[in-house]
1. Suppose R0 equals 35 Å; then what is the FRET efficiency for GLU4 and ASP128 from their Cβ-Cβ distance, rounded to the nearest 0.05?
2. Starting from the Cα of THR92, step 7 Å along the direction of its Cβ; do the same at ASN71; then give the gap between the two resulting points in nm.
Amino acid sequence: MRDETPGFRFAELLLYGYPRNMARLERARERLETLRAESTCRAQGYEPIDHSGGPGDPVGTRAAEIVSLENEIGLLERRTAPITALMGALETPFVLEGTANAELARVARLFYFGKMGKGAAAAKLKVDRKTFYRMRARLVELTMKYMDLVDMVLKGK
C-alpha cells in the first residue's frame, strides 16, 4: 500500500506540521530581523560583561545566533515551500468550487491543518470514508511531487 512508503509518510508529516512550521518560520524571521538590526554599527553594544555577570562577547553571541537562525529558516523553508506552492495551485482563483483541486484543498484545510478527524472531515466534505482516503492519498502524492519540484528549484536544476 502506498501510504506505508517512507516518502508518503514524510510528505504526510510535512502536511500535519505545516501550520506549526509556518508559525516557527515567521518567529525565526522576526528574530533574525531583530538581531540584524541590533548588529548595525549604531545599535551594536560592546559590553565587556554579559548579563549573567561573567565575561562575554555580545557581538560573537549575536553572530552565532544569526547563523543558527539562518540554518533554521533554511530548514523550515524547505519543509514549507512545497506545501505553500501546492496550496497556491489548489486554491488559485481559476479553480472552480467543487472541482477535484478545490476538494483537495479542503481536505488539507480540514484534516491536516484543522486537525479534524477522518470521519468528521469526510462528513464535512460529504463523501464516504473510502473516497476521503482516496482524496487524502491524492493530496499526499501531489505533495510528494511538489517536494521534488521544490528540491530541483532550490538546487538550481
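1. Once the sixth-power term is evaluated, E becomes 0.95.
2. 3.8 nm
Quick note: the coordinates plus some simple rules give every number you see, no bench work behind them. Owing to the predicted nature of the structure, the values given are computational and were not obtained by experimental measurement. Counting neighbours? That spans all protein chains shown, and the Cβs are built from the backbone with ideal geometry, glycine included.
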